Amino acid sequence: MKKLLSVSLIGLAVAAASSAQARDYDHVRIGVDVPYVPMEYRTAEGDLTGFDIDLGNAMCEEIGVTCEWIEQEWDGIIPGLLSRNYDAVMSSMTINDERRQQVLFSEPYITMPSAWFAASDLDIDEANEETLEGLTIGVQRGTLQDNYVTDNYGSVADISRYSTADDMVLDMDAQRLDIVFLDFPIGQSTLVENEDGDYVIVGEQITEPKEYFGDGFGIAFRQRDEALAEKFNEALATLKEDGTYDEIYTRYFGEE
Amino acid sequence: MPDISAWFNDLLSGNLIFTATTMGYYWTGLVTTTQLVFLSLVIGLVLAVPLAILRSSKRKWISLPVYLFTYVFRGTPLLVQLYIIYYGVVFFDGIQESVFWPIFREAFYPALIAFTLNTAAYTTEIFRGAIKATAKGEIEAARAYGMSQGLMMRRIIIPSAFRRALPAYGNEVIFMLHASAIASVVTLMDLTGAARYVYSRFYTPFEPFLFVALIYLCLTFAILFFFRFLEKKLLAHLKPQTP
Amino acid sequence: MLDLQGYGPRLIEGAGVTVQLAVLSLLLALVLGLFTATAKMSRHWLPHGIATVYTTLIRGVPDLVLMMLLFYGGQIGVNAISDILYYSYDIDIYINFNAFAAGVLTIGFIFGAYMGETFRGAFMAVDNGQIEAGKAYGMSGSLVFRRIRFPQMMRHALPGLSNNWMVLLKTTALVSVIGLTDMVRVAAEASRATHEPFVFLIPVAVAYLLIASVSEWIFARLQKRYDIGFGEQ
């Protein structure tokens, strides 16, 4: 079936091809899902910025290639990589086994815990099966947080799935959601530091079990682009040694 | 033979996508879609009949507001209507404290309201057309019988308009079924929502989207046959008489 | 006035995307529709069968599902092809299946089926005597088509075309769900960022009504043109 479909899609593909060229990577296109503050977002003037963006640009400079950032919805970010809409994904993507089957990851460049966030008047200390019972939980569709919540609390709570983290914040403000489960820094900056609402982190930051929370964020490449991934790994090591990495880290997360 | 059974076992064991869990999602999706479409059609129909009568009125100040309603709801995308109702309702002051909040809090009800108003607008126009097409002779006959305006509406115009409207209304039902696919945009887990979820979890578009496409296709055919059957029954008198 | 908290220019850009998308899809749909109508009227079973399956499938499945299937599936399909090329011939090509192309292809593909039905009905409505008269005049098949069948068919097809166009216009809103930045998407994004949905969504609704009214006017003019010689109907 797949074969047949792919063959019949040749016509479509050719029609949609805007250019066809050989690739030797003096120019790397990187897919990114914005906004995801403070990892990747646009300033009021429309400039792309964030931890991923700055680190990615520094790496490209180190390798000696030009980099172009291409925006892509999270839903389709891996298919977009596989279909060469871009050559890498650097978009707060957690390395885990499910994704390893599809893509090749760089070494992790940062480790981010996940966390629960809720309005301060929700009044629970810890998220578990009893406290979450009957609540409406917001997650971003297709994220590891979605998988974790679906598998562990899908039977006791209602799960609302959103396309973007912004949608979730809006429905938190609208009081449609009781609690959300997000990457910790994103919840911290969009909810806890949000002036309109009164939100707090619920319980501890979460990094276990590894089958869900993986080994930190990595840059994703197509399986066959091992050489490219290796270049990025080397660049990361260099940036960590010469202090550039720490400088970018402090810019977005302050002193450790 | 053993080759085939081994291949078949492989297929099943390597299959992450058609499992009991995902089937559960599709089932929930089917239930949500059916509820949403059925309820909005029933309420929309109940609203549309009086609206169509008002719309057919010769007095401008009665027909014009109804016309405006149908013009706006038929002239703009349902998605925009859904966004306005879903996001907009939150910004009425004090709605969160009111007794209606438990209703508007759920994504289901804003979606139901948007769908209902939309189908009511289309159905109103369908009925208006059918009312307008009432044969002059029928009305004259009713008048000659000394029927009052209301009685004539109830006994003659509405029943015959219902029959004439049937084929167009059947299309509207199918249209609503297909339009309901946007419910997943406001977090509802309808059939399309289930497919989107499975897609984003396994990165395989073909299996989930083809599967729900098939379900929609079956539903469409079921509706189609139901209306064919109804038409046959209700419009039997219009068929050419066989000698 | 058009600033709309800074989103004005992007909204107008989005409206441009909506119009471009709608017009290009319409053109594709018209071409596909003519093919489909011809195939459906064919006496040979193969084109007839293909056209029937095509129109039945399209009319049985929601636009959004087809769109997602073609958009997401299209990416994977393109991917499968270029993988085959890479592994068997060592050719590494980059094929960009962008959201705009996917939108035009899907909407055109969907409405091609509806247009096909409209055209078929319209072709059947053309009086056979007219065609025979054309042939009796010694006109060639293509000349009969150009001078007699097509203009007369258009007269019957216009109400249907106008209806399809209105539905198509509204269908373009769905591309915002698969990530294309049309005016609905900009408005939804702005509503989220500013928490003021009415400010952005109401102008978008008005824009749709405006486009619809302009098209209604154009179709009325066209109808007048093609009605020439048939008196007031």
Percent antiparallel among DSSP beta bridges (both partners in the protein assembly as shown, rounded to 5): 55
Directionally averaged shadow of the protein assembly as shown, computed from the convex hull of its alpha-carbon atoms, nm²: 41.4
Choice from C:S176, C:S213, C:S140 showing the highest fluctuation, given a GNM over chain C with Cα pairs closer than 10 Å: C:S140
Spin-label pair C:W45/B:S57, simplified geometry with 7 Å Cα→Cβ offset, distance in nm: 5.9
Descending Cα extents along the principal axes, segment C:20-179, whole Å: 60, 38, 26
Percentage, to the nearest whole number, of Cα pairs in segment B:59-102 over 17 Å apart: 54
Diffusion constant of segment A:157-239 at 10 °C, which comes from Stokes-Einstein with the Kirkwood Cα-pair radius and 1.306 mPa s, µm²/s: 100
Residues of type aspartates and glutamates that B:K58 reaches as a straight line, Cα spacing below 20 Å, ignoring anything fewer than 8 places off in the same chain: B:E125, B:E138, B:E140
Simple Cβ-charge dipole of the protein assembly as shown, Lys/Arg +1 and Asp/Glu -1, about Cα centre, in debye nearest 20: 7620
Largest-first principal axis extents, alpha carbons of chain A, Å: 57, 52, 37
Relative compactness, segment C:162-233, computed as alpha-carbon Rg over 2.2 N^0.38 Å: 1.51
Proxy reagent accessibility, fewest Cβ within 10 Å first, across C:Y7, B:Y86, B:Y109: B:Y109, C:Y7, B:Y86
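Between B:L68 and A:Q175, what is the FRET efficiency for a Förster distance of 45 Å, r being their Cβ-Cβ separation, to the nearest 0.05?
It comes to 0.85.
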Cleavage-rule hits (GluC sites (Glu not before Pro)) in segment C:183-233: DSSP loop, at most 16 neighbouring Cβ within 10 angstrom: C:E232
Residues of type aspartates and glutamates that C:K224 reaches as a straight line, Cα spacing below 18 Å, ignoring anything fewer than 8 places off in the same chain: C:E216, C:E232
Coarse-grained scattering of segment B:119-158 at q = 0.29, 0.30 Å⁻¹, given as base-10 log I(q)/I(0) from a Debye sum over alpha-carbon atoms: -0.93, -0.96
Over segment B:126-182: Rg over Rh, Cα atoms, Kirkwood Rh: 1.18
Sorted by Cβ density within 10 Å, fewest first, the residues A:V103, C:V167, B:V42, B:V89: B:V42, C:V167, B:V89, A:V103
Semi-axis lengths, Å, segment B:22-232, gyration tensor of Cα atoms, sqrt of 5 times eigenvalues: 37, 23, 12
Using distinct alpha-carbon pairs, which all enter the 1/r mean, Kirkwood radius of segment C:119-196 in Å: 15.8
Where labels lie 7 Å past Cα in the beta-carbon direction, separation of C:S140 and A:V200 in nm: 8.5
For the protein assembly as shown, cysteines whose Cβ has no other cysteine Cβ within reach (under 4.7 Å): B:C218
At 1.306 mPa s and 10 °C, Stokes D of segment C:102-233 from Kirkwood alpha-carbon radius, µm² per second: 90
Likely footprinting exposure, A:L135, A:L177, fewest C-beta neighbours within 10 Å first: A:L135, A:L177
Under the Debye formula (equal points on every Cα, no solvent term), log10 I(q)/I(0) of segment A:53-136 at q = 0.11 Å⁻¹: -0.50
For segment A:114-213, convex hull volume per residue from C-alpha positions, Å³: 84
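Every number here is computed from the coordinates shown, using simple stated rules; none is lab data. These numbers come from a predicted model, not from an experiment. For neighbour counting, all protein chains shown are included, and Cβ atoms are generated from backbone atoms with ideal geometry for every residue, glycine included.
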